[in-house]
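K.L.:
Can you keep this structure in mind? I'll have questions shortly.
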Ligand code: WT7
């Protein structure tokens, strides 16, 4: 490593002494058991939502803003920790009256409005499992998740509820849909209830259900390389790791205004938009709208954001907008920048140094790890392009196919010793899938990584066909299944194609049914179809028609080959393929 490329941070940049003063010393003696003092247990039990919000009511944080909501049309709402606690208590009381019990699944299908955050906390307080859904999901993506999990309640809006209605017949366990509506007379079916009216007279007091550390707290679906999305379940004890990483990686101090741009439909928006971040006592910004450079810069300026946690694609989109956009805003409140979800290219770090005066700190984790596991820390020099070093308490290694540990410089599979507090508890209803993650005493991430002589980890790529587009994990099987639902499509193979802005874009290879030819109109129609049925982020930007797709003798489409052909790479061993 060329040491001249090391980025050291000055005291002036950090502004405050970091929470984690000495990484090496802390990592050496680290013990999660000792760190349990950071969160509150009652007779060996805990509740993650209580730890995130309610425990602060006994302190100076009671009247501190917890949530600053920036809605569309310049709307703004502020909730203190106490107000957020009361709001979530009302929801918890209503849910219990409806029959929510420990372990029941309650899904949130909401845009980033305050009700989303209060509902998440309210559900968790009852002992039920809070589950989130991205508001861009279409009926097929919803049905895969809601039916598999056997959800009992869904909380949604008057605008989104029709998507649940469309698939209602698939949802055998669904009892009620709670509808957040801004009009007095929203039309409701017999299983729908007006959310606002439901909670209006509920008490602001609620006896939070204390849980065993290993009891389920939240779940969310994520994609693998085969099959439909899997329900990754996390237990209440995860709050310990999420709290510690919020303090030591994101460096949250009481004086900070923190902004995480992630939606709680993804794990970052839960661990660092709700649980860990409030447990660490942050004032957190939520922006309801979509990406807009002007609005984003305006939020940092207006609310004096000091810590900003975002994703490489977002940074690249800002870079693309050019520097003129930046000039009319004041960024002097910023003191610490973090990024997650996909490789952070050195150019993005250079851009932030040049334009914001601060470098982005990359960190790495997954839905399954429940919290950050590899990171750059405030007091540690950055090597641009590296994800940093394992969090204290995480034992990570690079191994070959036989699980032999590899020396520095060699690329291999990234694995970790199981058992950190936020490691997933189970895959919903699917112990086989869960067990596939573990071998020879290791948890397998599915990522290819290298470590250098100084112990810094460098991301190389996925070990499987999982696609990462704009930081969103997309399973090719889900897209392929949706594509063949379209009347024109007979067969489909889907790959991630490298892209400068989005990291990867989705490219589909399809075989058309008889009587169809691919023209612009059909192309647009197929894309629209996927956006509507699956999700806005999962549609193929590129579609190519083939007469046939490469398959194994057992009939499985070989994406590896499609990708190699697309990239003009060596197609490797094709001897097991079906060649007709
Ligand atoms: C996959 C996990 C962690 C929350 C958001 C994504 C990729 C994640 C990085 C990074 C390179 C990264 C990996 C990982 N990934 N962080 N810093 N550098 N790649 O969670 O949807 O579960 O996706 O995202 O491939 O396995 P997720």
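The values are calculated or read from the model by the stated rules, or taken from the named source; none is laboratory data. The shown structure was predicted, so the numbers you read here are calculated from the model rather than taken from an experiment. Note that we place each Cβ from the backbone using ideal geometry, even for glycine, and neighbour counts take in every protein chain shown.
K.L.:
Kindly list, by first and then second residue, each pair from a residue in segment 363-388 that is within 17 Å of residue 218 (Cα to Cα) and assigned by TED's automatic domain parsing to the domain that holds residue 273 to a residue that is near the ligand (Cβ under 10 Å from one of its atoms) and part of a helix (DSSP H, G or I), limited to pairs with Cβ atoms under 7 Å and residues at least 6 apart or on different chains.
P.N.:
367/267; 370/271; 371/271
K.L.:
Consider segment 161-183. How many of its residues are in a loop (DSSP other than H, G, I, E, B) and touching a strand residue (DSSP E or B) at 6+ places or on another chain (Cβ under 9 Å)?
P.N.:
Qualifying residue count, segment 161-183: 6.
K.L.:
Any residue that is within 16 Å of the ligand (Cβ to nearest atom) and under 20 Å from the mean Cα position of the chain (by Cα) - is there at least one of those in segment 479-492?
P.N.:
yes
K.L.:
Return the residue satisfying two criteria in turn: it lies in segment 363-382 and is within 13 Å of the ligand (Cβ to nearest atom) and in a loop (DSSP other than H, G, I, E, B), and of such residues it is surrounded by the fewest Cβ atoms within 10 Å (Cβ to Cβ).
P.N.:
Residue satisfying both the conditions and the ranking: 366.
K.L.:
Would you check which residues across segment 448-467 are surrounded by 20 or more Cβ atoms within 10 Å (Cβ to Cβ) and in a strand (DSSP E or B) and list them?
P.N.:
Hits for segment 448-467 are 449, 451, 457, 467.
K.L.:
Considering only residues that are more than 18 Å from the chain's Cα centre (by Cα) and within 13 Å of the ligand (Cβ to nearest atom), which ones fall in segment 460-477?
P.N.:
Result: 460, 461, 463, 464, 465.
K.L.:
Could you identify the single residue in 508, 538 that is surrounded by 17 or more Cβ atoms within 10 Å (Cβ to Cβ) and modelled with pLDDT under 95?
P.N.:
538
Rundown of residues vs (1) touching a helix residue (DSSP H, G or I) at 6+ places or on another chain (Cβ under 6 Å); (2) over 30 Å from residue 479 (Cα atoms), yes/no style:
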| site | (1), (2) |
| --- | --- |
| 40 | yes, yes |
| 52 | yes, yes |
| 56 | yes, yes |
| 61 | yes, yes |
| 75 | no, yes |
| 95 | yes, yes |
| 113 | no, no |
| 118 | yes, yes |
| 141 | no, no |
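K.L.:
Six or more apart or on different chains, Cβ under 7 Å: which pairs go from a residue in segment 465-478 that's within 15 Å of residue 500 (Cβ to Cβ) to one that's in a loop (DSSP other than H, G, I, E, B)? Could you list them?
P.N.:
468/342; 469/502; 469/537; 470/502; 470/537; 471/311; 471/341; 471/342
K.L.:
Now for a different question. So which residues in segment 468-494 are closer than 17 Å to residue 536 by Cα and in a strand (DSSP E or B)?
P.N.:
Passing the criteria: 468, 469, 472, 473, 474, 494.
K.L.:
Go through (1) within 15 Å of the ligand (Cβ to nearest atom); (2) within 30 Å of residue 139 (Cα to Cα) for residue 447 and report which single condition fails.
P.N.:
(2)
K.L.:
Turning to a different aspect of this structure: Please go through segment 333-362 and give me each residue that is away from the ligand (no atom under 16 Å from the Cβ), free of Cβ contacts under 8 Å to residues at least 40 places away in the same chain and touching a helix residue (DSSP H, G or I) at 6+ places or on another chain (Cβ under 9 Å), ordered by number.
P.N.:
334, 351, 355, 356
K.L.:
For segment 517-532, indicate whether the set of residues that are under 33 Å from the mean Cα position of the chain (by Cα), in contact (Cβ under 8 Å) with a residue 40 or more places away in the chain and in a loop (DSSP other than H, G, I, E, B) is non-empty.
P.N.:
No, that holds for no residue.
K.L.:
Hey, can you tell me all the residues within segment 1-38 that are within 21 Å of residue 386 (Cβ to Cβ) and touching a helix residue (DSSP H, G or I) at 6+ places or on another chain (Cβ under 9 Å)?
P.N.:
5, 7, 18, 20, 23, 26
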